[in-house]
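Every number here is computed from the coordinates shown, using simple stated rules; none is lab data. As the structure is a prediction and not an experimental result, all values here were calculated from the model. Positions of Cβ are generated from backbone atoms using ideal geometry, with glycine treated the same way; all protein chains shown enter the neighbour counts.
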Amino acid sequence: MSESPQAGGPVGAGGPDGPGVPGVPGVPGVPGARRVVLVDDHQMFRTGVKAELGPSIEIVGEAGDVDEAVTVIKATQPDVVLLDVHLPGGGGIEVLRRLQGVVQSRFLALSVSDAAEDVIGVVRGGARGYVTKTISGPELTDAVGRVAEGDAVFSPRLAGFVLDAFAATDVPAVDPELDQLTQREREVLRLIARGYAYKEIAKELFISVKTVETHVSSVLRKLQLSNRHELSRWAAARRLV
């Protein structure tokens, strides 16, 4: 297989017909290569990943937050999206939610976190796998290829954990009350339950205090609860904290 061209160039570079979409490099496709969008809010990490991936991978786009990721993925329709879990604008789960049924791309979470909430959250959201950032370049190249073929891929330590979590008899497959909340409302709920003040939640989620208040009011209304103390108890009972 021939060596793929330099993927990326300046962010926002376009092809011959115009400036293109920010984060989408203006380079021709490589026959046979796995087309990948890399989503992570650290530019240096993205650069390192591109350097480590094998020639069978072509990076067709990059993004550093949720809105940019959604735009770039829609524009490029990649085979696989390498998706960080923690992103400005709502995290990887928000990217999955907004693209559900919109693109045919498969998603592989690539994160420093191995927390249960993060792993289960993105898998429930539709990711085909989850690997940590300790993975080597050849291993990641192989994981991308396997996910593109439809396999589920997990870092060795996480595989058994994921199976155990979904097989647990005390975890309901469907929670009608929880399912009526949007992903953003769930994020606000979890932070409320952990004791965060509204200003702290706004800073954590990159939203305004007014928006936090709106989400809290919506959650209270949907769950028919009266205050944040009842919200905390509700979240704790469902192991969301």
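Converting phi to 3J(HN,Hα) with the Karplus coefficients 6.51, -1.76 and 1.60 and the offset θ = phi - 60°, region 134-141 yields 7, 5, 7, x, x, 5, 5, 4 Hz in sequence order, with x at every glycine or proline. Considering only P88, I120, G64, and ranking their Cα positions along the charge dipole of region 64-129 that arises from unit charges at the beta-carbon of Lys, Arg, Asp and Glu, the one farthest toward the positive end is I120.
Taking amide H positions as modeled 1.01 Å from N, with prolines and chain starts lacking one, the residues under 5 Å from Y130 and 5 or more places away or on another chain are A109, V153, F154, S155. Label reach from R228 (point 7 Å along Cα→C-beta): in region 181-205, amide nitrogens under 12 Å belong to 189-202. For region 52-96, backbone nitrogen atoms closer than 18 Å to the point 7 Å from T182 Cα along Cα-to-C-beta are found at 66-71, 87-96. Annotation for R221 and I120: the two label points, set 7 Å from Cα along the Cα-Cβ direction, are 2.9 nm apart. Label-to-label distance for A197 and S113 is 2.3 nm, based on points extended 7 Å past Cα in the beta-carbon direction. Projected label points at R157 and T214, each 7 Å from Cα along the beta carbon direction, are separated by 4.0 nanometres.
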